[in-house]
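Here is the structure we will look at.
The values are calculated or read from the model by the stated rules, or taken from the named source; none is laboratory data. Since the model is a prediction, treat every value here as computed from it, not as a measurement. Cβ atoms come from the backbone with ideal geometry, glycine included; neighbour counts cover every protein chain shown. Note: accessible area is taken over every heavy atom of the protein model, side chains too, but ligands, DNA and RNA are not part of it. Shrake-Rupley method; radii C 1.70, N 1.55, O 1.52, S 1.80 Å.
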Amino acid sequence: MDQLLERFLSYVAVETQSKPQARQVPSSEGQWTLARQLQEELIALGFVDVSLSDHCCVMGTLPANVDWATPVIGFISHMDTSPDFTAKNVNPQIIENYRGGDIALGNGDEILSPVMFPILHKLIGHTLITTDGKTLLGADDKAGIAEIMTAMARLAKSDTPHGAIRVAFTPDEEIGRGASHFDVEGFAADWAYTVDGSDLGEFEFENFNAATAMVKITGNNVHPGSAKNVMVNALDLAMRFHAELPAKEKPQFTDGYEGFFHLHTIKGTVEHAELMYLIRDFDADSYEQRKQLLEEIGQRVSKGLQSECSVKVEISDSYRNMREKVEPHPHIIELALQAMRDCGIEPNVKPIRGGTDGSALSWKGLPCPNLFTGGYNYHGKHEFASLNVMAQSVDVIVRLAELAGQKK
């Protein structure tokens, strides 16, 4: 656990926040810094075929230590942190043997409370790693990186039988670009697992279908004193558009397999307004119906407007549900569940209410479900990790490698 903690703290010290406005991949220089560090660590562990691509993807192979044929499995985590909250000068706090109650974050007024985050009740006695209340932590997904590296170090130094294992660390997952430059053929694994989940035992092989909708509204602005029958207020049209969406199909009212429309940004004036929606649904047919509904609302709101006024809906797909690509390979799922049970962990199979690199990679031909990491409350100042759960993730990765390497 000491080595696991040491690795994790060294990774979160590197600022790797992705930048949505950037055009290049990776979107931030810090990702190069961490990638070179990981490249050196893999070489030091005895990995072969270690590479760093032009788009900042690190890959390497831990050679097999058995003389029979085995599948090649992979483990993948992403290096960037979310752009939703600052990641500059991360200053982790270590709370050993957590006894319950509120945790003060730094010297300010911020606290991590089990009243707001009941998951803390399950973590009594754990070593917790928190923020100081001023930044996010970066457990998403540097916990996954630390776990993969620690598991590989254990395998490299032990006699545990295993086949060839491929690892990869990707950039810009948080802004949906990392997997677009991932060389699936070059990775050359039969299947892989992203290590990018959360609570102990979580295992996911399905995720949202996702799209982004831009609603662009053009109105007609004149002096309000002479506006009668002339002015068309784009902001009024924006409110009318939003009011036509199902009131309860929003993120704050949904969970499990329920989809939603999420108004992510709105801006505008009387002359022009713009709404940006995130569309999410697990079911492919319902997903298409959601997109169609936005189109229909746009047509209704724009009906009867002056010729120079308009409501335009532009929809672009972001990622798709990996279930369609993973489920035809049930052994990939069963192997992960067996590894957890062998480690004394009860699997918690659930859908990802979001997306991962594993979704895009599954659709590129690399089936890639998702394993837990022990990180919680991602993307904000209340983010934290349980070192105990992180250590259990390491155990599962090692056991997975052992199971995949067994002689048939």
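Across the range 148-164, the number of residues qualifying as assigned to a loop (DSSP other than H, G, I, E, B) and either surrounded by fewer than 19 Cβ atoms within 10 Å (Cβ to Cβ) or within 22 Å of the chain's Cα centre (by Cα) (or both) comes to 4. When every residue of the range 359-378 is checked against the conditions, at least one turns out to be surrounded by fewer than 18 Cβ atoms within 10 Å (Cβ to Cβ) and in a loop (DSSP other than H, G, I, E, B).
Does any residue of the range 346-353 turn out to be crowded, with 23+ Cβ neighbours inside 10 Å and either in a helix (DSSP H, G or I) or at pLDDT 95 or above (or both)? No; the residues of the range 346-353 include none that is crowded, with 23+ Cβ neighbours inside 10 Å and either in a helix (DSSP H, G or I) or at pLDDT 95 or above (or both). The single condition among (1) open to solvent by 10 Å² or more (accessible area, probe 1.4 Å); (2) within 16 Å of Met79 (Cβ to Cβ) that Val195 does not satisfy is (1). Looking only at residues in the range 54-63 that are open to solvent by less than 50 Å² (accessible area, probe 1.4 Å) and within 14 Å of Arg166 (Cβ to Cβ), the one that is nearest to the chain's Cα centre (by Cα) is Cys57. Out of everything in the range 266-288 that is part of a strand (DSSP E or B) and either of a type in the set (A, V, I, L, M) or modelled with pLDDT under 95 (or both), what residue ends up being farthest from the chain's Cα centre (by Cα)? Among those residues, the one meeting the criterion is Ala273. Counting only residues that are open to solvent by less than 30 Å² (accessible area, probe 1.4 Å) and out of contact with any Cys (no Cβ under 7 Å at 6 or more places or on another chain), how many does the range 26-53 have? The total comes to 7. Taking the conditions (1) hydrophobic (A, V, I, L, M, F, W, C); (2) over 24 Å from Ala360 (Cα atoms); (3) open to solvent by 30 Å² or more (accessible area, probe 1.4 Å); (4) without any contact (Cβ under 8 Å) to a residue 24 or more places away in the chain in turn, Val14 satisfies each one other than (3). For Leu5, the criteria (1) over 17 Å from Ile148 (Cα atoms); (2) in a helix (DSSP H, G or I); (3) in contact (Cβ under 8 Å) with a residue 40 or more places away in the chain hold in every case but one, which is (1). The residue pairs whose first member lies in the range 379-401 and is at positive phi and outside any helix (DSSP H, G or I), whose second member is open to solvent by less than 10 Å² (accessible area, probe 1.4 Å) and not β-branched (Val, Ile, Thr), and whose beta carbons are closer than 9 Å, counting only pairs six or more residues apart or on different chains, are His379/Ser82; His379/Leu136.
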